[in-house]
1. Just to verify a result, which residue in segment 1-49, among those that are touching a residue at least 40 places away in the same chain (Cβ under 8 Å), in a helix (DSSP H, G or I) and within 18 Å of residue 113 (Cα to Cα), is farthest from the ligand (Cβ to nearest atom)?
2. When you check residue 66 against the structure, is it more than 10 Å from the ligand (Cβ to nearest atom) and surrounded by fewer than 19 Cβ atoms within 10 Å (Cβ to Cβ), yes or no?
3. Determine whether residue 25 is more than 18 Å from residue 89 (Cα to Cα) and surrounded by 11 or more Cβ atoms within 10 Å (Cβ to Cβ).
4. If residue 72 satisfies every condition in (1) touching a strand residue (DSSP E or B) at 6+ places or on another chain (Cβ under 7 Å); (2) under 16 Å from residue 34 (Cα atoms) but one, which is the exception?
5. State which residue is nearest to residue 74 (Cα to Cα) when the search covers only segment 113-124 and only residues that are within 11 Å of the ligand (Cβ to nearest atom) and free of Cβ contacts under 8 Å to residues at least 40 places away in the same chain.
6. Please find, among 92, 109, 80, the residue that is on the phi > 0 side of the Ramachandran plot and under 15 Å from the mean Cα position of the chain (by Cα).
Ligand code: GDP
């Protein structure tokens, strides 16, 4: 049975800054996901804090919010068969050093902080995150 989903993807400041957005989009498209909507924006510190609210008790929360709001990002709605899991797979592990070969984070990530991409991790979060950026 088909399971067409939408998920939210973000190309983070470190990747936009290094002009990697097109290369990252190629990897997404190669994996049979389509980009339904996209925009290049810069969010405020407050918006980043809202977006990453689930991490507010973590020691890295402050740094994370400062980072996501530090420069332009590309936010995208991806759509396709099992889009949430497929996107997580092509992103690779949170820490680029732990990521599998061929994944975006392995190829382009600099560190666990500057790991080039974000992707929704569940159906509920995908809906919330898409709504957050494309309402
Ligand atoms: P993701 O879904 O793979 O992006 O990981 P999470 O949702 O758990 O975390 C969100 C972001 O916070 C990650 O992409 C990392 O940039 C950052 N992060 C997560 N865990 C750590 C950590 O242990 N240390 C630091 N410095 N950053 C982290």
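1. Among them, the one singled out is 21.
2. Spelling it out, residue 66 is indeed more than 10 Å from the ligand (Cβ to nearest atom) and surrounded by fewer than 19 Cβ atoms within 10 Å (Cβ to Cβ).
3. no
4. Unmet condition: (2).
5. In this case the residue turns out to be 121.
6. Values: 109 fails: on the phi > 0 side of the Ramachandran plot; 80 fails: under 15 Å from the mean Cα position of the chain (by Cα).
Every option except 92 fails the conditions.
Laboratory data are not the source of any read-out in this text; all were calculated from the coordinates shown. All values reported here derive from a predicted model rather than from experimental measurement. Positions of Cβ are backbone-derived with ideal geometry, glycine not excepted, and every protein chain shown enters the neighbour counts.
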